[in-house]
1. It is to be established whether one or more residues within the range 25-37 are modelled with pLDDT of 80 or more and surrounded by fewer than 11 Cβ atoms within 10 Å (Cβ to Cβ).
2. So is residue 112 free of Cβ contacts under 8 Å to residues at least 12 places away in the same chain and either surrounded by 11 or more Cβ atoms within 10 Å (Cβ to Cβ) or out of contact with any helix residue (DSSP H, G or I) (no Cβ under 8 Å at 6 or more places or on another chain) (or both) or not?
3. Just one of (1) free of Cβ contacts under 8 Å to residues at least 60 places away in the same chain; (2) loosely packed, with under 12 Cβ neighbours inside 10 Å trips up residue 80, so point out which.
4. Among (1) at pLDDT below 90; (2) exposed (fewer than 13 other Cβ atoms within 10 Å of the Cβ); (3) over 30 Å from residue 23 (Cα atoms), where does residue 49 come up short?
5. Within the range 99-109, is there a residue that is farther than 30 Å from residue 138 by Cβ, surrounded by 10 or more Cβ atoms within 10 Å (Cβ to Cβ) and without any contact (Cβ under 8 Å) to a residue 12 or more places away in the chain?
């Protein structure tokens, strides 16, 4: 039985020491543990959503820590390709003790868009807060039209 608060403090200190040693021993365990449980290989390509706004398609991709110059976008017909390179952010002369974020990696994502008629002259893209937003306007022939009944 514990008699003083210092006994409790010593016990919790020992538990913290055990936890930190287990964390160091199992350092690689959490790197490959994917979303939703189970083992998974970590993905280097950005997570992406594709929306149809009627007059245009909109693609949103997560590219945290990347600058505009590091991302390339290619549109041809109904084919979209997003590629980029993430550069190392470790300062010169520093030694990394733990790296969970991917460094010095490149990715390429390609999609076949649901609409074959994209106006490639009016495609626009913006990068804000790590989210790349690509707006792909449809041509007049591909836009939905309201038909009235006589």
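The values are calculated or read from the model by the stated rules, or taken from the named source; none is laboratory data. What you see is a predicted model; the values in this text were computed from it and never measured. Please note: Cβ atoms are built from the backbone with ideal geometry, for glycine as well, and neighbour counts cover all protein chains shown.
1. no
2. The answer is no for residue 112.
3. Among (1) free of Cβ contacts under 8 Å to residues at least 60 places away in the same chain; (2) loosely packed, with under 12 Cβ neighbours inside 10 Å, the lone unmet condition for residue 80 is (2).
4. Among (1) at pLDDT below 90; (2) exposed (fewer than 13 other Cβ atoms within 10 Å of the Cβ); (3) over 30 Å from residue 23 (Cα atoms), residue 49 violates only (1).
5. yes
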